[in-house]
Amino acid sequence: MIYLKIDDNATRRLPFYLAMEEWAAKRLPAADYFFSWQVNPTVIFGRNQRIDTEVNLDYCRENNIETYRRKSGGGCVFADRHNIMFSYITPSEHVTTTFNRYTEMVAEMLRSLGVDAKASGRNDITIEGRKVSGNAFYHIPGRSIVHGTMLYDTDLRHMANAITPSRSKLESKQVKSVEAHITTLNQHLDIDIDEFHRYAIEHLTDSQISLTAKQLAEIELLSRPYYEPEWIFGRRSEATIRQSKRVDGAGEFAIGITLRDGRIADINIEGDFFLLSDLDSTLLARLRGVRYSRREIEDTLAATDTSQTIAGLTTGQFIELII
């Protein structure tokens, strides 16, 4: 696997690294690529999440925590300089295989350091049953991208308070709850974060490419849309119908449907689910203009395999979310 190296020591914001994943996927020859990065305190929320219900914006502003939306699905994560982020880009088209290969590869790297790490659930790596790494996936034509956290010594107070707006959860019990489910590598290793960072790169990769000043400028240009308020805050419509539901194995869903003359004029889905392909073109666009009835919706989606767009969700379950 090839490591993508940035030779300067410049401090960059999170959108740069999200754009770097896209740049590598679109511009570099087909191969497996990996890079690691660190940012100042930042909340990163999923492609289909509502920032106002998932992020405590007041707390973030008060504590200089930046907030950005990524293109992959899943839930919120918190990153800071004591957390290392990993990005993996591969030509593989098969989602499950790609995810499993990546999480097992990282877990094996941790085991080589004497840590009892396991790939767990749909996207986590755990140590003794507690989460040390959460990961998300998204796909573009011909490439798959996996990215995630690697907690070394993260500020758990910020983590507990920044990613929930509920005032009832801002008490010390929430931090204790986070501590019960999360672990950090410094509790299991005798090496510091810089030593661990070097070891991870050496263990996971066998060659490297240093990015040029021209390539870094291209990535900066590609990062601009991530700063746009419309992207960060998302689109909202005056929905006629709103409903929320959790589907085991798929995630949380919040559906907003606008009806005109009995037909679906607009539909939007938010939540922490994992996207495997473009939600709008594969599912939502097909429903716009369709009469809001179970029979017409079932007929419209009869040849559609929803699980190819939303991980773990069948077409029948998708219809139940809508109706």
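So that you can scan it fast, the table gives a plain yes or no per residue for (1) touching a residue at least 12 places away in the same chain (Cβ under 8 Å); (2) farther than 19 Å from R157 by Cβ; (3) buried (at least 18 other Cβ atoms within 10 Å of the Cβ):
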position: C76; (1), (2), (3): yes, no, yes
position: N83; (1), (2), (3): yes, no, yes
position: V95; (1), (2), (3): yes, yes, yes
position: N100; (1), (2), (3): yes, yes, no
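With respect to S223, is the statement that it is in a helix (DSSP H, G or I) and of a type in the set (G, A, S) true? Answer is yes for this residue.
The residues listed here are T164, T103; of these, the one that is of a type in the set (S, T, N, Q), part of a helix (DSSP H, G or I) and at pLDDT below 95 is T103. Given the condition outside the structural domain of G262 (by TED's automatic domain parsing), hydrophobic (A, V, I, L, M, F, W, C), farther than 27 Å from I264 by Cβ and out of contact with any helix residue (DSSP H, G or I) (no Cβ under 7 Å at 6 or more places or on another chain), answer yes or no: does some residue in segment 222-238 qualify? No, because not a single residue in segment 222-238 is outside the structural domain of G262 (by TED's automatic domain parsing), hydrophobic (A, V, I, L, M, F, W, C), farther than 27 Å from I264 by Cβ and out of contact with any helix residue (DSSP H, G or I) (no Cβ under 7 Å at 6 or more places or on another chain).
State whether the residues of segment 261-270 include one that is more than 30 Å from L14 (Cβ to Cβ), β-branched (V, I, T), at pLDDT below 90 and more than 25 Å from the chain's Cα centre (by Cα). Taking every residue of segment 261-270 in turn, none turns out to be more than 30 Å from L14 (Cβ to Cβ), β-branched (V, I, T), at pLDDT below 90 and more than 25 Å from the chain's Cα centre (by Cα).
Looking at R295, is it basic (K, R), in a strand (DSSP E or B), out of contact with any Leu (no Cβ under 7 Å at 6 or more places or on another chain) and surrounded by fewer than 18 Cβ atoms within 10 Å (Cβ to Cβ)? In short, no. Taken over segment 124-143, the criterion of being closer than 19 Å to K71 by Cα and either aromatic (F, W, Y) or buried (at least 23 other Cβ atoms within 10 Å of the Cβ) (or both) is satisfied by S133, N135, A136, F137, Y138. The residues listed here are A303, A217, A239, A285; of these, the one that is small (G, A, S), part of a loop (DSSP other than H, G, I, E, B), out of contact with any Pro (no Cβ under 9 Å at 6 or more places or on another chain) and without any contact (Cβ under 8 Å) to a residue 12 or more places away in the chain is A303.
The values are calculated or read from the model by the stated rules, or taken from the named source; none is laboratory data. Not measured: the values here are computed from a predicted model. In this analysis, Cβ positions are derived from the backbone assuming ideal geometry, glycine residues included, and neighbour counts consider all displayed protein chains.
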